[in-house]
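What follows is one structure encoded as structure tokens, with my remarks underneath.
The values are calculated or read from the model by the stated rules, or taken from the named source; none is laboratory data. Because the structure is predicted, anything quoted here is derived from the model rather than measured. Ideal geometry is used to build each Cβ from the backbone, glycine not excepted, and the neighbour counts take in all protein chains shown. Just so you know, the surface numbers come from the protein's heavy atoms only, side chains and all, with ligands and any DNA or RNA stripped out. Shrake-Rupley method; radii C 1.70, N 1.55, O 1.52, S 1.80 Å.
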Amino acid sequence: MYARIASAGLRDVADKLDGGIRLDLEDGVRLFAAPDLLAIGWLANREREKRHGGRTFFNHNIRLEATNVCVASCLFCAFARLKPGDDGAYTMSLEQAWNKLRERADQPLTEVHVVNGLHPDLPWDYYLEMLRGFKRIRPDIHLKCFTAIEIAFFSELYGMTDEQVLRDLMDAGLDSLPGGGAEVFSERVRRKICHDKADADRYLAIHRLAHRLGMRSNVTMLYGHIETDEERVDHMLRARALQDETGGFQAFIPLAFHPDNNRMEKLPAPTAADTLRVHAVARLMLDNFPHVKAFWIATGVGVAQTSLWFGVDDLDGTVQEERIYHMAGAPTPEAMTPAEISRLIRISGREPIERDTFYNVVSQPA
Ligand code: V47
């Protein structure tokens with residue numbers, strides 16, 4: 001393989017990785033430009049196996065989107081509706097939200113992942129009470145809720161500091177933050193695709209604060225639209241720099257852009273080859289991130305399986321009732337059982353491990 005790495009023009013990158021020397025912006029851009037995808041996959045797989053061997057993580061979770069009313073106007077979004085009465089707009093009552101958990105009393109779920117629109121007129125107590133209710137129904141459930149964009153929005157809407165917002169939510173039961181809303185950190189890209197929500201510095205500042213308050217979080221990257229290779233690598237490097245400071249990130253999650261029913265629908269969806277490359281480059285650049293996750297809803301199941309040989313060690317979870325991707329045209333199922341995910345991992349030649357949100361082993365399916 002070393003001959004192949006050399007003929008791919010990546011000998012010096014392999015040498016850096018062997019010597020424990022960090023890759024820089026220029027290395028990352030070259031990894032995106034080099035034609036030999038398998039050489040890059042091989043390098044990323046080596047890093048993955050160094051950390052995790054063949055172990056591949058997933059969790060038994062549900063997704064809840066309590067409202068799609070959203071004052072932001074992200075061009076890529078097919079989920080949001082601007083005002084409460086608009087066609088297709090919905091906001092769950094607290095009872096409806098809690099019922100999503102009550103209905104699954106028979107499932108050994110370990111996590112609820114909540115992502116909402118930025119609703120302009122719900123009371124602060126709606127969110128606090130939602131979390132308290134989930135913990136009343138299932139005291140042991142992990143609540144991974146609200147992107148940093150939602151946290152920034154709450155601070156402005158309710159006139160609080162980010163720290164007050166996070167502390168109130170933690171008191172009500174919040175356990176960690178998901179990685180959504182990061183999109184691409186580049187100011188140029190944000191101006192074009194999501195100009196009216198928190199910028200990259202604010203996003204990262206909220207994660208820094210969450211880590212300081214003792215929470216863990218993830219960070220995503222929405223790829224395959226107007227961003228350049230350099231902007232992808234810059235995004236990874238900004239996440240890596242914060243991880244150097246805090247160590248609070250668990251997973252980096254590239255999210256494949258889905259072009260249906262949104263204002264960027266003229267763009268093609270990213271190819272499978274690009275998806276594999278993005279995950280592989282993330283594994284190579286992000287030497288301080290324990291996990292690289294492929295969100296199977298976004299990548300498609302087959303590509304997610306293949307990605308397990310391109311640097312990925314985590315497939316998110318069972319998910320259930322995902323709306324953001326399905327409204328943007330995702331053809332994947334809306335849920336998988338733990339047995340189905342385990343089988344998909346196993347037939348990819350990897351070892352399935354059911355984890356909790358902190359990557360503690362819950363079970364090792366046969
Ligand atoms: O922030 C919205 C993305 C994200 C589209 O932290 C789209 O464990 C593609 O962040 N095409 C929400 N992407 C989902 C998310 C996530 C998913 C899985 C695990 C975790 C985690 C977080 O979905 C949004 C946005 O970047 N998104 N619309 C679209 N048309």
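The sole residue among Ser342, Ser307 that is within 28 Å of Ala78 (Cα to Cα) and either in contact (Cβ under 8 Å) with a residue 24 or more places away in the chain or buried (at least 21 other Cβ atoms within 10 Å of the Cβ) (or both) is Ser307. Considering the range 201-219, and only residues there that are in contact (Cβ under 8 Å) with a residue 12 or more places away in the chain, assigned to a helix (DSSP H, G or I) and more than 17 Å from Met170 (Cα to Cα), the residue that is least open to solvent (accessible area, probe 1.4 Å) turns out to be Tyr203.
Search the range 241-265 for residues being more than 23 Å from Leu75 (Cβ to Cβ) and within 15 Å of the chain's Cα centre (by Cα), and hand back the single one that is farthest from the ligand (Cβ to nearest atom). Going through the qualifying residues, I end up with Gly248.
For the range 115-137: of the residues being without any contact (Cβ under 8 Å) to a residue 60 or more places away in the chain, of a type in the set (A, V, I, L, M, F, W, C) and touching a strand residue (DSSP E or B) at 6+ places or on another chain (Cβ under 8 Å), which is nearest to Pro338 (Cα to Cα)?
Kept after step one, since they are without any contact (Cβ under 8 Å) to a residue 60 or more places away in the chain, are these residues of the range 115-137: 116-117, 119-129, 131-137.
Pick out the ones that are also of a type in the set (A, V, I, L, M, F, W, C) and you get 122, 124, 128, 131, 134, 137.
Still in the list and also touching a strand residue (DSSP E or B) at 6+ places or on another chain (Cβ under 8 Å): 122, 131, 134.
On the way: Leu122: 35, Leu131: 25, Phe134: 22 Å.
Per the stated criteria, the residue is Phe134.
Suppose the filter is more than 16 Å from the ligand (Cβ to nearest atom), under 16 Å from the mean Cα position of the chain (by Cα) and open to solvent by less than 10 Å² (accessible area, probe 1.4 Å); does Gly317 pass it? Answer is no for this residue. Within the range 282-304, the set of residues being part of a helix (DSSP H, G or I), aliphatic (A, V, I, L, M), open to solvent by less than 10 Å² (accessible area, probe 1.4 Å) and over 24 Å from Leu75 (Cα atoms) comprises Ala282, Leu284, Met285, Ala304. Taking the range 180-200 as the range and being in contact with an Asp or Glu (Cβ under 9 Å, 6 or more places away or on another chain), in a helix (DSSP H, G or I) and among the basic types (Lys, Arg) as the test, the residues that pass are Arg188, Arg190.
For beta carbons closer than 6 Å, sequence separation of 6+ or different chains, a first residue in the range 247-265 that is within 19 Å of Ser176 (Cα to Cα) and a second that is open to solvent by 30 Å² or more (accessible area, probe 1.4 Å) and not β-branched (Val, Ile, Thr), the qualifying pairs are Gly248/Arg216; Gln250/Arg216. Residues in the range 328-337 that are open to solvent by less than 50 Å² (accessible area, probe 1.4 Å) and either closer than 25 Å to Ala280 by Cβ or within 10 Å of the ligand (Cβ to nearest atom) (or both): Ala328, Gly329, Ala330, Thr332, Met336.
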